[in-house]
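Participant: After the structure tokens below, expect a handful of questions from me.
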Amino acid sequence: QMQLEESGGGLVQPGGSLRLSCVGSGSIFAIYGMGWYRQAPGKQRELVAHISVGDRTNYTDSVKGRFTISRNNAKDTVYLQMSELKVEDTAVYYCNADHPRVPGGYWGKGTLVTVSS
């Protein structure tokens, strides 16, 4: 079973940057696809970015060109570099590890990102 722990959230002004990290433990990190999701108040959780086992990436349209997902399997870590942050990026950001044999995957507890002036 994989445990995930996110970090790097905080308060940032519009136009600023943050880097989120998610460290996995308890399983072989490299065999999982990794995703960053977010949930804003009153909204459903949405997929923000995903990186596959083979390092293929995809992003939701609203963050393309501003966010970059990457992974370092040697450190059991996935990152989300966020730039040009907007007020509407405010949300709790969750890390997810997915695998065909694990329905729903594994989730971290989330880290809060607040974009405000």
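Participant: List the pairs whose first member sits in region 42-57 and is in contact (Cβ under 8 Å) with a residue 12 or more places away in the chain and of a type outside the set (S, T, Y), whose second member is open to solvent by 90 Å² or more (accessible area, probe 1.4 Å) and assigned to a loop (DSSP other than H, G, I, E, B), and whose Cβ atoms are under 9 Å apart, counting only residues at least 6 apart or on separate chains?
Facilitator: H50/R56
Participant: Here is a follow-up. Among the residues of region 82-96, is any touching a residue at least 12 places away in the same chain (Cβ under 8 Å), under 18 Å from V23 (Cβ atoms), open to solvent by 20 Å² or more (accessible area, probe 1.4 Å) and not in a strand (DSSP E or B)?
Facilitator: no
Participant: Within region 30-53, is there a residue that is open to solvent by less than 40 Å² (accessible area, probe 1.4 Å), in contact with a strand residue (DSSP E or B) (Cβ under 9 Å, 6 or more places away or on another chain) and of a type in the set (D, E)?
Facilitator: Checked region 30-53: no residue is open to solvent by less than 40 Å² (accessible area, probe 1.4 Å), in contact with a strand residue (DSSP E or B) (Cβ under 9 Å, 6 or more places away or on another chain) and of a type in the set (D, E).
Participant: Consider region 97-116. How many of its residues are among the acidic types (D, E) and without any contact (Cβ under 8 Å) to a residue 40 or more places away in the chain? Write out each step before concluding.
Facilitator: Within region 97-116, the subset among the acidic types (D, E) is 98.
Filter once more, so that each one left must be without any contact (Cβ under 8 Å) to a residue 40 or more places away in the chain: none.
Summing the residues that are among the acidic types (D, E) and without any contact (Cβ under 8 Å) to a residue 40 or more places away in the chain in region 97-116 gives 0.
The values are calculated or read from the model by the stated rules, or taken from the named source; none is laboratory data. All of these numbers come straight from a predicted model, not from anything done at the bench. Please note: Cβ atoms are built from the backbone with ideal geometry, for glycine as well, and neighbour counts cover all protein chains shown. These area figures cover heavy atoms from the full protein model, side chains too; ligands, DNA and RNA do not enter into them. Shrake-Rupley method; radii C 1.70, N 1.55, O 1.52, S 1.80 Å.
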